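The values are calculated or read from the model by the stated rules, or taken from the named source; none is laboratory data. It should be emphasised that the depicted structure is a prediction, and the values quoted were computed from it without experimental measurement. Positions of Cβ are backbone-derived with ideal geometry, glycine not excepted, and every protein chain shown enters the neighbour counts.
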Amino acid sequence: MIMIRKLLTLLIVLALCLSGLSASAEEAKEWGIFQSEPCLMGSDAVKNADQVLQRDLYTGTVNGMTFTVTEAGYDGRSLFLRYSYRIPDAKNAFGVKAEEIYGEYLPEGMKPDSYVEGLTEEGSSLSEAAQIGWWYDQFWIDGKGVNLIVGATQSLSGSNIPGEIIETDYLPLYKNGISLNGKVRISLPVGARPDGSEYNPETHPEKYDAEGFLILPEEGVVTFELDTKDVLSRVRSFRPEQETDLPGFTAKTGEAAFSPLLTYITAEMALKPGALEAFIAENGEGKTNGEGELMFRYGPVDVVTPWLQSLKLVDGNGTVLFPEKGGLEEYSDTKAQFIFLYIENLPESLFLAPFDEETGNADMSCAIAVK
């Protein structure tokens with residue numbers, strides 16, 4: 001009886017150990033998006049990945065290749081996708097490792113043995129022949145067309161698996177005023193171009209809806225379901241009202257949104273009357289070439305550009321949160337979009353402030369409040 005009890009105890013202990021090993025192995029399983037998408041590299045948000053990202057949402061055949069949606073997720077602002085094509089009978093791997101490209105100058109957050117954007121020469125040739133990639137610059141959410149958004153990124157890379165080519169997409173839906181909630185259907189224009197005909201709203205109006213979006217075709221697309229759950233409730237947003245008076249314009253934060261994956265900040269600027277004329281009087285009519293010929297005339301955006309390009313995200317003491325990460329993604333004369341890494345513990349106050357690299361100081365007098 002004693003021997004049986006001891007055996008049962010050993011079996012229970014062994015089961016618990018195996019369970020712990022299984023959990024550890026699952027936790028160690030990496031999300032490829034964090035190694036492929038530049039805005040997520042080196043981010044502490046990987047601890048939140050299981051809340052936002054999902055694995056293996058679709059497997060099928062595209063142009064005779066095995067096609068798998070390996071990772072997908074929505075953080076309340078942007079859609080992240082990662083999917084792979086597997087070319088049959090390919091005997092070689094197409095991946096290019098980071099250490100082969102960067103050597104000792106490896107970017108922060110990138111692992112030496114990770115596979116970077118780009119393919120071997122053979123991979124590039126076969127990907128073109130296999131028609132890998134989108135055949136149209138639009139995708140669909142619940143059957144509704146969505147244009148490829150300014151700031152979106154799409155990258156191809158290989159891996160250590162023969163014949164595998166991976167695409168990673170970053171699609172900032174918030175720039176188009178799109179937000180997702182609950183379960184949605186994502187359709188991607190991958191595969192053979194339907195019927196091979198030309199796609200143009202003027203020559204084939206029957207293929208487009210009233211808003212000019214291509215109607216979801218029956219062929220040449222892959223559709224899968226993504227459950228975004230209640231991620232919108234996990235995004236913290238702030239809209240500071242105070243403006244900062246700057247030379248030639250005023251500026252403020254339109255919105256600061258802190259998602260489980262990223263920090264999104266929109267800056268808004270308004271030129272003062274006569275600001276452009278004063279800028280031209282000081283700097284000339286525009287940019288000239290080596291022969292002194294005018295290449296383009298200065299416009300409102302040139303007045304705000306120096307200030308925008310000098311901004312860093314700092315706390316109330318002027319300490320930079322991400323010294324090695326540039327945040328400015330895109331800008332115009334009235335609006336600028338910044339993307340920073342995830343911030344686990346939000347400081348009591350945050351600012352976008354001009355930062356002098358030589359002195360290492362932030363000019364808080366020309367900063368705008370973020371939070």
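Here are some notes:
- Only a single criterion out of (1) part of a strand (DSSP E or B); (2) of a type in the set (S, T, N, Q); (3) free of Cβ contacts under 8 Å to residues at least 12 places away in the same chain is not satisfied by residue 125, namely (1).
- Positions within the stretch 282-293 being assigned to a helix (DSSP H, G or I) and exposed (fewer than 10 other Cβ atoms within 10 Å of the Cβ), in sequence order: 282
- Unmet criterion (only one of (1) surrounded by fewer than 16 Cβ atoms within 10 Å (Cβ to Cβ); (2) farther than 25 Å from residue 78 by Cβ; (3) among the charged types (D, E, K, R)) for residue 330: (2)
- Filter pass, residue 175 being in contact (Cβ under 8 Å) with a residue 60 or more places away in the chain, surrounded by fewer than 17 Cβ atoms within 10 Å (Cβ to Cβ) and farther than 18 Å from residue 69 by Cα: no
- Where strands (runs of 3 or more DSSP E) fall entirely within the stretch 1-102, those with at least 2 residues that are surrounded by fewer than 21 Cβ atoms within 10 Å (Cβ to Cβ), among the charged types (D, E, K, R) and at pLDDT 95 or above are at 53-62.
- Of all residues in the stretch 178-194, those that are closer than 14 Å to residue 67 by Cβ and either outside any loop (DSSP other than H, G, I, E, B) or of a type in the set (Val, Ile, Thr) (or both) total 4.
- Beta carbons closer than 9 Å, at least 6 apart along the sequence or on distinct chains, pair a first residue in the stretch 241-254 that is on the phi < 0 side of the Ramachandran plot and among the aromatic types (Phe, Trp, Tyr) with a second that is surrounded by 17 or more Cβ atoms within 10 Å (Cβ to Cβ) and assigned to a loop (DSSP other than H, G, I, E, B) for 249/333.
- Residue within the stretch 223-240 that is modelled with pLDDT of 95 or more and under 30 Å from residue 295 (Cβ atoms) present: no
- Taking every residue in the stretch 194-209 that is more than 17 Å from residue 221 (Cβ to Cβ) and pairing it with any residue that is modelled with pLDDT of 80 or more and assigned to a loop (DSSP other than H, G, I, E, B), at least 6 positions away or on another chain, the pairs with Cβ-Cβ distances below 7 Å are 198/204; 201/212.
- Unmet requirement for residue 271, which otherwise passes all of (1) touching a residue at least 40 places away in the same chain (Cβ under 8 Å); (2) surrounded by 15 or more Cβ atoms within 10 Å (Cβ to Cβ); (3) within 30 Å of residue 43 (Cα to Cα): (3)
- Residues satisfying the stated conditions in the stretch 143-172, i.e. assigned to a strand (DSSP E or B) and crowded, with 20+ Cβ neighbours inside 10 Å: 157, 158, 164, 165, 166, 167, 168, 169, 170, 171
- Counted residues, the stretch 133-142 - those being assigned to a loop (DSSP other than H, G, I, E, B) and not small (Gly, Ala, Ser): 5
- Just one of the listed residues (164, 117) is within 24 Å of residue 52 (Cβ to Cβ), touching a strand residue (DSSP E or B) at 6+ places or on another chain (Cβ under 6 Å) and in the same structural domain as residue 94 (by TED's automatic domain parsing), and it is 117.
- The listed residue being surrounded by 17 or more Cβ atoms within 10 Å (Cβ to Cβ) and without any contact (Cβ under 8 Å) to a residue 40 or more places away in the chain, out of 306, 323, 300: 300
- Unique match (being of a type in the set (Val, Ile, Thr) and within 28 Å of the chain's Cα centre (by Cα)) among 288, 266, 359: 266
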